[in-house]
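Colleague: Structure in structure tokens, see below.
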Amino acid sequence: MQISFTLNAKPVTLDVEPATLVTELLREHLNLTGTHIGCDTSQCGACVVHLDGLAVKSCTLLAPALQGKSLVTIEGLQGAPGSNQLHPMQEAFRQHHGLQCGFCTPGMVMSAIALAHAKAALTEAEVRRGLEGNICRCTGYQNIVLAVMAGTAAMHGAGSGE
Amino acid sequence: MRSFAYHQPNAIPEAVSLLAEQPESRPLAGGMTLIPTLKQRLAAPAALVDLAGLPDIKGCSNGNAVVTIGAMTTHAEVASSPLVKSQIPALAALASVIGDPAVRDRGTIGGSVANNDPAADYPAGVLGLGATIVTSAREIAAENFFFGLFETALKPNEIITAIRFPVPLSAGYAKFKAPASRYAVVGVFVAKTATGVRVAVTGAGSGVFRVPQMERALAEAFDPTAIAAIKIDAEGLTSDIHADAGYRAHLVTVMAKRAVATALGAA
Ligand SMILES: Cc1cc2nc3c(=O)[nH]c(=O)nc-3n(C[C@H](O)[C@H](O)[C@H](O)COP(=O)(O)OP(=O)(O)OC[C@H]3O[C@@H](n4cnc5c(N)ncnc54)[C@H](O)[C@@H]3O)c2cc1C
Ligand code: FES
Ligand code: FES
């Protein structure tokens, strides 16, 4: 079947098998390998992307659901529009050492940005609860939480976005 | 995942006839249960009928002391609905503790109720509030809907369109969650209504059930102390890696007391 959607701000039209997961579409067909696959049970959050602004698990989303929607992946993030800068949330992860192996990071960053869009000032407890669907096997979460709080502040202060 | 045909009907009768024409087809809602099942090849339907394009089965409305929630309303939408938060705050609170944010952005009330996972949250709210399940064919009282362990009264080509919740005087939900999935090890929904008290338990057994003994005690005195001494029989309750039957029986009383305390706080 044919689907048309917006991928990282660019319109795309593709022929897909309905039984295609969005993770598979991104990684195997479109060479966007920033979106990771960390589990088979929809629990780890390494695959989180934004579908019409909502954080969703692309490993548990069928390609036909993209029809007419806007999809943003980790590759679609940027600082100032058109620049090569990191998005403020990515920059905060770098500054606060919010990653070790980095496998969980794309999903963490995408979930964190959705959280920051929903609420301008986040408490530590809200950040921890908001990241319940993102598992990290390395960091122990401390620095991720620090990064998300700083990134949220930077997003709302500096006024830049996706 | 095996291949399947995909349909996205835009009217309920069309969805029902698509399901009827192809016996090996299944409705698709948020996909948060169905897609993992397809990935693990625990199910291999010939066709999926995506309910996302159907009009009028999404959103929350009220009238006559009843809150109606469309089947395709997501957990996140119920959790943040000003209407549900003001009329039945315990139901919004229940929706807010399902899974994680990404699960709540896609998963729907209709999918959860149709699936009837023995550890799911919504069945406790639906039975506890004495809700009515509205389908493409009829209306079914919660009492006659849940048959235990993923079984419901739904026919294969029947679609849930909405759930109607009578507004209680007060209500509360408390769950002891499994740390990895956040499903209920035990969850208890307590509702005080004009006609009595209802206590519904999820997670503890093969399906959601009521506890008449607690309902009688709470009807006399709606207070956590009224049920503190009530012990649930562990016979027939679930034992698994999360908890054995004896511990689950103990948790029913603890969670019921917390749910009553929440109901009193929110009243
Ligand atoms: C990581 C994770 C954690 C979770 N944690 C929890 C939790 O803590 N508590 C909890 O309660 N649930 C939890 N869930 C399950 C989640 O709530 C699902 O969203 C829900 O069980 C199914 O809803 P869905 O809309 O995704 O349905 P789908 O997966 O699309 O469908 C589920 C089943 O219902 C059928 N169906 C769907 N909609 C209808 C309809 N309108 N009429 C008739 N049949 C229909 C489908 O054919 C399918 O058989 C979790 C899921 C995941 C992946
Ligand atoms: S890959 Fe683990 S939740 Fe998607
Ligand atoms: S940094 Fe390694 S899994 Fe999170």
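The values are calculated or read from the model by the stated rules, or taken from the named source; none is laboratory data. Please read all numbers here as calculations on a predicted model, not as lab measurements. Cβ: placed from backbone, ideal geometry, glycine included. Neighbour counts: every protein chain shown. With ligands, DNA and RNA removed, areas are computed over all heavy atoms of the protein, side chains included. Shrake-Rupley method; radii C 1.70, N 1.55, O 1.52, S 1.80 Å.
Colleague: Could you pull out the residue among B:P123, B:P82 that is open to solvent by 10 Å² or more (accessible area, probe 1.4 Å) and more than 14 Å from chain A (Cβ to nearest Cβ)?
Modeller: Selected residue: B:P82, the only one of B:P123, B:P82 that is open to solvent by 10 Å² or more (accessible area, probe 1.4 Å) and more than 14 Å from chain A (Cβ to nearest Cβ).
Colleague: Also, quick follow-up: Residues that are within 16 Å of ligand 3 (Cβ to nearest atom) and within 14 Å of chain B (Cβ to nearest Cβ): does the stretch A:90-99 have at least one?
Modeller: In the first step, residues of the stretch A:90-99 are kept if they are within 16 Å of ligand 3 (Cβ to nearest atom); the result is A:90, A:92-99.
If we keep only those that are within 14 Å of chain B (Cβ to nearest Cβ) too, we end up with none.
No.
Colleague: How many residues does the stretch B:25-59 contain that are closer than 25 Å to A:L25 by Cβ, open to solvent by 50 Å² or more (accessible area, probe 1.4 Å) and free of Cβ contacts under 8 Å to residues at least 40 places away in the same chain?
Modeller: 3
Colleague: Additional query: Among the residues that make up the stretch A:33-52, is at least one of them at pLDDT 95 or above and away from ligand 2 (no atom under 16 Å from the Cβ)?
Modeller: yes
Colleague: Out of all the residues in the stretch B:94-127, which are of a type in the set (S, T, N, Q) and not in a loop (DSSP other than H, G, I, E, B)?
Modeller: As a first pass, look at the stretch B:94-127 and keep what is of a type in the set (S, T, N, Q): B:96, B:108, B:112, B:115-116.
Correct list: B:S96, B:T108, B:S112, B:N115.
Colleague: If you don't mind, there's one more thing I want to ask. Looking for something in a helix (DSSP H, G or I) and surrounded by 24 or more Cβ atoms within 10 Å (Cβ to Cβ) - is there at least one such residue anywhere in the stretch B:204-218?
Modeller: Checking the stretch B:204-218: at least one residue is in a helix (DSSP H, G or I) and surrounded by 24 or more Cβ atoms within 10 Å (Cβ to Cβ).
Colleague: Specify the residue that is farthest from B:D121 (Cα to Cα); the eligible residues are those in the stretch B:138-192 that are within 14 Å of ligand 1 (Cβ to nearest atom), at pLDDT 95 or above and of a type in the set (S, T, N, Q).
Modeller: B:T161
Colleague: Next question, about the same structure. Can you confirm whether the stretch A:27-41 contains a residue that is out of contact with any strand residue (DSSP E or B) (no Cβ under 6 Å at 6 or more places or on another chain), more than 8 Å from chain B (Cβ to nearest Cβ), in a helix (DSSP H, G or I) and closer than 16 Å to B:G31 by Cα?
Modeller: No, there is no match, as no residue in the stretch A:27-41 is out of contact with any strand residue (DSSP E or B) (no Cβ under 6 Å at 6 or more places or on another chain), more than 8 Å from chain B (Cβ to nearest Cβ), in a helix (DSSP H, G or I) and closer than 16 Å to B:G31 by Cα.
Colleague: Give the stretch B:13-37 a look and list any residue that's over 18 Å from B:H75 (Cβ atoms) and assigned to a helix (DSSP H, G or I), or say none. Steps first, answer last, please.
Modeller: Initial filter on the stretch B:13-37 (over 18 Å from B:H75 (Cβ atoms)): B:13-26, B:37.
If the condition is that a residue be over 18 Å from B:H75 (Cβ atoms) and assigned to a helix (DSSP H, G or I), then B:P13, B:E14, B:A15, B:V16, B:S17, B:L18, B:L19, B:A20, B:E21, B:T37 are the ones that fit.
Colleague: When residues of the stretch A:91-118 are filtered for being within 20 Å of B:A102 (Cα to Cα) and either assigned to a helix (DSSP H, G or I) or not assigned by TED's automatic domain parsing to the domain that holds A:T139 (or both), how many remain?
Modeller: Summing the residues that are within 20 Å of B:A102 (Cα to Cα) and either assigned to a helix (DSSP H, G or I) or not assigned by TED's automatic domain parsing to the domain that holds A:T139 (or both) in the stretch A:91-118 gives 14.
Colleague: Looking at the stretch A:76-121, which of the residues that are over 16 Å from the mean Cα position of the chain (by Cα) and within 22 Å of A:L51 (Cα to Cα) is least open to solvent (accessible area, probe 1.4 Å)?
Modeller: Ranking the qualifying residues of the stretch A:76-121, first place goes to A:A80.
Colleague: Could you check how many residues of the stretch B:12-47 are β-branched (V, I, T) and away from chain A (no Cβ under 12 Å)?
Modeller: So the count comes out to 2.
Colleague: If I filter the stretch B:48-66 down to residues being more than 9 Å from chain A (Cβ to nearest Cβ) and either assigned to a strand (DSSP E or B) or more than 24 Å from the chain's Cα centre (by Cα) (or both), which single residue comes out as farthest from A:L61 (Cα to Cα)?
Modeller: The residue in question is B:G63.
Colleague: Based on what the data block shows, is A:R137 touching a Cys at 6+ places or on another chain (Cβ under 8 Å), more than 16 Å from ligand 1 (Cβ to nearest atom), open to solvent by 10 Å² or more (accessible area, probe 1.4 Å) and of a type in the set (D, E, K, R)?
Modeller: Yes, satisfied.
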